[in-house]
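As C-alpha cells, the structure follows; a few thoughts come after it.
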Amino acid sequence: MRIGLYPGTFDPLTLGHIDIITRACALVDRLVIGVAINRDKGPLFPLEDRVAMIEAECAMLSAQTGTEIVAHPFENLLIDCARDVGATMILRGLRAVADFEYEFQMVGMNRALDSSIETVFLMADARRQAIASRLVKEIARLGGDVSSFVTPAVRERLVARFA
C-alpha cells in the first residue's frame, strides 16, 4: 500500500489545497492530510475545525478516487509524523519559485533525518497559484469575496468567523 503524507496548517482549507489533494490521490492508496498544530502561527480556526473541514471536503473525493483520505493532527517533526503514519512519501504543493527555495531546504533536512522517505512536489494548477490561506483570511477579514478561493462550506465558516 502506497501511503503519502500531505502536511500543512490548512487554516483554512483552500481550493489550492484541494487541487493538490486531488492529484495526490493518483499517486497513493492512502493519503494522510497532516494537520499541523503550530501554536506559534496562532491559527484562525481551532484544530478541530480544520480537521472537520478536511474530512467534509475530502469525503466525496475519497469515494470518487478510491483513495482513503484521512486527517491526522500532528505536533512533532514532519519526518516523525511520516514514520508514525507509515508514509513513504511526503507530498508538497509548489506555487512559485519562492516556495521551492523553502521546500528545497526542508527536503535536505528531512533526507538527513530519514533518507527512505521521498518528497514529491506537485505544481499548483495555474488557476490556483495565487491562493494562499494567509491571503484568503485577510480578504475574508476585510469583507471581501473569497468564493473563488475556497469551497462554499469553508466560505461560510470564514464569513461566520469574521461576522
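Details
- Number of positions in the stretch 2-38 that are open to solvent by 20 Å² or more (accessible area, probe 1.4 Å), assigned to a helix (DSSP H, G or I), touching a helix residue (DSSP H, G or I) at 6+ places or on another chain (Cβ under 7 Å) and more than 14 Å from Phe149 (Cα to Cα): 1
- Count - residues of the stretch 141-157 that are in contact (Cβ under 8 Å) with a residue 24 or more places away in the chain and of a type in the set (Lys, Arg): 1
- Scope the stretch 67-96; condition in contact with a Gly (Cβ under 7 Å, 6 or more places away or on another chain) and open to solvent by less than 20 Å² (accessible area, probe 1.4 Å); matching residues: Cys81, Ala87, Leu91
- Within the stretch 117-143, considering residues that are open to solvent by less than 30 Å² (accessible area, probe 1.4 Å) and in a helix (DSSP H, G or I), the one farthest from Val97 (Cα to Cα): Ala140
- Filter result for Ala163 (of a type in the set (Gly, Ala, Ser), open to solvent by less than 30 Å² (accessible area, probe 1.4 Å) and more than 21 Å from Glu57 (Cα to Cα)): no
- Some residue of the stretch 50-63 being buried (at least 17 other Cβ atoms within 10 Å of the Cβ), among the β-branched types (Val, Ile, Thr), at pLDDT 95 or above and assigned to a helix (DSSP H, G or I): yes
- Of the residues making up the stretch 60-79, not one is over 15 Å from the mean Cα position of the chain (by Cα), of a type in the set (Gly, Ala, Ser) and within 21 Å of Arg157 (Cα to Cα).
- The set of residues from the stretch 80-96 being assigned to a helix (DSSP H, G or I) and either in contact with a Cys (Cβ under 8 Å, 6 or more places away or on another chain) or free of Cβ contacts under 8 Å to residues at least 60 places away in the same chain (or both) comprises Asp80, Arg83, Asp84.
- With respect to the conditions (1) exposed (fewer than 14 other Cβ atoms within 10 Å of the Cβ); (2) modelled with pLDDT under 95; (3) outside any helix (DSSP H, G or I); (4) on the phi < 0 side of the Ramachandran plot, Gly108 lacks only one, and its number is (3).
- Residue check: Asp99 meets all listed conditions (1) among the acidic types (Asp, Glu); (2) surrounded by fewer than 16 Cβ atoms within 10 Å (Cβ to Cβ); (3) in a helix (DSSP H, G or I) but one, namely (2).
The values are calculated or read from the model by the stated rules, or taken from the named source; none is laboratory data. Predicted model, so just to flag it, every value in this text is computed and none were measured. Ideal geometry is used to build each Cβ from the backbone, glycine not excepted, and the neighbour counts take in all protein chains shown. Calculation scope for accessible area: heavy atoms of the full protein, side chains included, ligands and nucleic acids excluded. Shrake-Rupley method; radii C 1.70, N 1.55, O 1.52, S 1.80 Å.
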